[in-house]
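The values are calculated or read from the model by the stated rules, or taken from the named source; none is laboratory data. Keep in mind it's a predicted model, so treat the numbers as computed, not measured. Here the Cβ positions follow ideal geometry from the backbone for every residue, glycine too, while neighbour counts run over all protein chains shown.
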Amino acid sequence: MKKITEGTAVRDGAPNAGSSATRRKGATVPKAAKRRFPAALGVAFGLLLALSPVLGLAGCARAIAAEDLMDGAEPASTAAAPSDVEASGPGAEAVTDFSVRLFQQCAPGEESMLVSPFSALYALGMTANGAKGETLSQMEGTFGLTVGELNAYLGALAHDFPDQEGCRLDLANSLWIKDSGDFAVEPAFLQANADYYNAGAFLAPFDDTTLEDINAWTDDHTNGMIPRILDEISPRAFLYLVNALAFEAAWLDEYEDGDVQDVAFTCEDGSVRTAKLMHSWESAYLEDAKATGFVKRYEGGRFAFAALLPNEGTSVSDYAASLTGEGLRATLENARHDVDVDAALPKFSGDWGCDLAGALDALGMADAFDLDRADFSGIAGDPGEFFVDSVVHKTHVEVDEHGTKAAAATAVVMECAAAMPEEREVKTVHLDRPFVYLIVDCDTNVPLFIGTVMDVEE
């Protein structure tokens, strides 16, 4: 498989998930809770998945009072070795396809958004280890992989992420289980999540101290970018699955002061904002039938920022609706390196959040959210005793001259030279109107994040 870039980067960590409230059939995807857009590239994602009487995950840097149920449940040494899985094979194709479909469920709208399908899969994969019957079949159909295949792929991929200064990816997973004495969590469920997800599991009273612990865990594992994933502990909740993902990276070629100019940014509704566009020359040009774009690498080469600007006359929503996993992979794999790209990227930042339950229901996981049909007896109890109540999802992003706030001090600055050779064709892609962007694992072309920028702050 072709790679859009080459190199290494990152550090492995673990995800998060959870929240609770009663779930009903036919739920719709709510509007994002809060957004702010125009700044170094730091991205954080928090996912909280709740079952009523529910399930959850956790792991915490600070001491917590909850009983550690993973004490003694050591990950199997061979359960998720990188050699077990072809990182760019069918697993990568299925994950990309799921990513595009989830993005399409969340993207329509006039406001900027950002979703991490990659992180969502870690939380959902942990949940699927306790699903059975038709509930499991629907989840596997949504993933495009069996739970065994998903476990193996995600486990191997997490082990494969390098730990490198200047480009860092932290993943963390945890389970928070209510200490009620009414249910006993299945040891096999805990062991599977230890083997493949390195998840911590804690028995907690589900009072204010638990709320504080879960939020502190999320804050720790998103490097302070998402300080709170929960506002309250639902009285119906039995289990919280929590996944946290934090990405911080410096640009391989950092922008300089002279590269930043005030430019008019035209929003979808025709209104105009003043945006700070960062200009650069890039060597990877993207093009499909409805958009052009470019790839800009982060330090280490393992990850990259990919932007896709819909052609004039094509809206972001129409472009998003036209995407397929196969098509997106082809666009990334066929990036042209025989041309130079006159690229311009606006500084932007934002916070976004929603309940993903409606989106996942629409993708084929209906039974998981239906108390009458859900079967999570692989976690505890019998079929019909537990269902997924909500999937709380929060993201944060900042893009500026340095790449990321955390990496600004360690950024590798490579001065962009003079004029490009005349014999090379020059393509111009200035992101001065709404666009789609991705943060991509260049070894597999799997998107960690997919979002839209529909507006910028002046």
*Go through segment 377-405 and give me each residue that's at pLDDT 90 or above and in contact with a helix residue (DSSP H, G or I) (Cβ under 8 Å, 6 or more places away or on another chain).*
GLY378
*Using the structure shown, decide if GLY364 is in contact with a helix residue (DSSP H, G or I) (Cβ under 9 Å, 6 or more places away or on another chain) and in the same structural domain as GLN138 (by TED's automatic domain parsing).*
yes
*Residue that is farthest from ARG424 (Cα to Cα) [pool: residues in segment 272-316 that are of a type in the set (Phe, Trp, Tyr) and touching a Cys at 6+ places or on another chain (Cβ under 9 Å)]*: PHE303
*With segment 260-377 as the region, which helices (runs of 4 or more DSSP H) entirely inside it contain at least 1 residues that are of a type in the set (Val, Ile, Thr), over 24 Å from ASN243 (Cα atoms) and in contact with a Ser or Thr (Cβ under 6 Å, 6 or more places away or on another chain)?*
316-322
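Residue by residue, here is whether (1) touching a Gly at 6+ places or on another chain (Cβ under 7 Å); (2) at pLDDT 85 or above; (3) buried (at least 20 other Cβ atoms within 10 Å of the Cβ) holds:
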residue	(1), (2), (3)
ALA156	no, yes, yes
GLY166	yes, no, yes
ASP182	no, no, no
GLU186	yes, yes, no
*Looking only at residues in segment 326-345 that are crowded, with 20+ Cβ neighbours inside 10 Å and small (Gly, Ala, Ser), which one is farthest from GLU282 (Cα to Cα)?*
ALA335
*Across segment 224-276, what is the number of residues that are over 23 Å from GLU312 (Cβ atoms), modelled with pLDDT of 90 or more and buried (at least 24 other Cβ atoms within 10 Å of the Cβ)?*
1
*Does ASP318 satisfy being surrounded by fewer than 22 Cβ atoms within 10 Å (Cβ to Cβ) and not assigned by TED's automatic domain parsing to the domain that holds PHE435?*
no
*In this structure, does ALA344 turn out to be over 19 Å from ASN129 (Cβ atoms), of a type outside the set (Lys, Arg) and in contact with a Cys (Cβ under 8 Å, 6 or more places away or on another chain)?*
no
_Just to be sure I understand, how many residues within segment 205-235 are within 30 Å of GLY384 (Cβ to Cβ), assigned to a loop (DSSP other than H, G, I, E, B) and either outside the structural domain of LEU121 (by TED's automatic domain parsing) or in contact with a Leu (Cβ under 9 Å, 6 or more places away or on another chain) (or both)?_
5
